[in-house]
Amino acid sequence: MKQTNSISRKQFLTLTGVAALSAASACTSPKSTATEAMTTKQIKRAMRIAHLTDFHVMPIGNAPQGMRNAIRHAQAQTDPPDIILNTGDCIMDSLEVSKDMAESQWETFNTIIEEECEIPIYHCIGNHDVWGWGAPTPEKQSDPLYGKGMALKQLELAERYYSFDLSGWHFIVLDSTHQAEEGSLHPYIGKLDDEQFNWLEADIQAVDATKPICIVSHIPILCACEFFDGDNEVTGNWVVPAAWMHIDARRFRQLFLQHTNIRLCLSGHSHQHETLQYLGVQYFTNGAVCGNWWRGPYLDFPPAYVLVDLFEDGSAMSTFIPYG
Ligand SMILES: [Fe+2]
Ligand SMILES: [Fe+2]
């Protein structure tokens, strides 16, 4: 059991000051909450993230200008973000296309990032950034860029998953695109391989138990919005594909119960926007920059990005920003 670095949620809240603030608020108004305290700046903001996900950029159509507009809009906020977080699906698709077509999309992506980004940006690999899994050939499979190799090279990532510390928070960026069994509905599912999950456990274990942790993945670990992405109730039961949401969510649930400083999970992939709270963890599944793959809104969600405010007490707020 890896309990040595763990504390109870109550202890965590006490150590980070929320319990005290909530109690103080309760003296003046029985309905006061930590959220209200945040808005009156009683709890200090640690940082502001512009979460831009699912660019799905390609060299043609309105995609390149749309991607530029989103980045410019985020950076022009009067209360500007400290970083940009890109949770993947950088390009329209490389699962099923030739090497040349995949690389031309990456060239567009990297040109725009280089020309428009004025603040630090952190990347995460999305399923559409994986080259060749949807239409494998012996030629592609023998190429060192097959699979995740191309995305790692284009995003200049040393590893497909990594972690870092910033502004009092610990961030863990995962690679949630797992190759599916042959004959599966999709060429990928949302899952961590054992090597990555073991790394995740060790990484969390090494973090001070009072430091809040944000876990970043392309595919949501837990969300409700994916129930509505397709006729998922047509069998008479709700069926959410493993490609939509992490099929190993129960494994994360168990891990999160052991580490009460895990406070937030950020993801994209669904092209919808949702905030969910479960067992003391907030799950923000955030809207897509491309909306409906550059054809307007997707399931009533327009092209957008999300401002994520992280606070010193481990709480977080999400603001959906349609930029068009
Ligand atoms: Fe996407
Ligand atoms: Fe995706």
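Coordinate-derived values only; no laboratory data. Treat the numbers as computed from the prediction; the structure is a model and nothing was measured. With ideal geometry, Cβ positions are generated from the backbone for all residues, glycine too; neighbour counts draw on all protein chains shown.
The residue that is surrounded by the fewest Cβ atoms within 10 Å (Cβ to Cβ), among those in the range 149-182 that are in contact with a Phe, Trp or Tyr (Cβ under 6 Å, 6 or more places away or on another chain) and among the hydrophobic types (A, V, I, L, M, F, W, C), is F164. If only residues of the range 192-218 that are of a type outside the set (A, V, I, L, M) and buried (at least 21 other Cβ atoms within 10 Å of the Cβ) are counted, the one that is farthest from V281 (Cα to Cα) is H218. Considering the conditions (1) closer than 23 Å to R160 by Cα; (2) part of a loop (DSSP other than H, G, I, E, B), W238 is excluded by exactly one of them, (1). Each residue in the range 220-241 was checked for being of a type in the set (A, V, I, L, M), closer than 19 Å to S270 by Cα and surrounded by fewer than 20 Cβ atoms within 10 Å (Cβ to Cβ), and 3 pass. Taking every residue in the range 253-277 that is under 13 Å from S315 (Cα atoms) and pairing it with any residue that is among the basic types (K, R) and away from ligand 2 (no atom under 15 Å from the Cβ), at least 6 positions away or on another chain, the pairs with Cβ-Cβ distances below 9 Å are T260/R9; T260/K10; N261/K211. Among the conditions (1) within 25 Å of I113 (Cβ to Cβ); (2) buried (at least 21 other Cβ atoms within 10 Å of the Cβ), the only one that W293 does not satisfy is (2).
When you look at L200, is it more than 14 Å from ligand 2 (Cβ to nearest atom) and in a loop (DSSP other than H, G, I, E, B), yes or no? So L200 does not fit the description; no. For the range 149-205, a residue qualifies if it is without any contact (Cβ under 8 Å) to a residue 24 or more places away in the chain and aliphatic (A, V, I, L, M), and the qualifying residues are A158, A202. Say we look at the range 104-139 and pick out the residues that are crowded, with 24+ Cβ neighbours inside 10 Å and part of a loop (DSSP other than H, G, I, E, B); which of these is farthest from ligand 2 (Cβ to nearest atom)? So, considering only residues that are crowded, with 24+ Cβ neighbours inside 10 Å and part of a loop (DSSP other than H, G, I, E, B), the one farthest from ligand 2 (Cβ to nearest atom) is G132.
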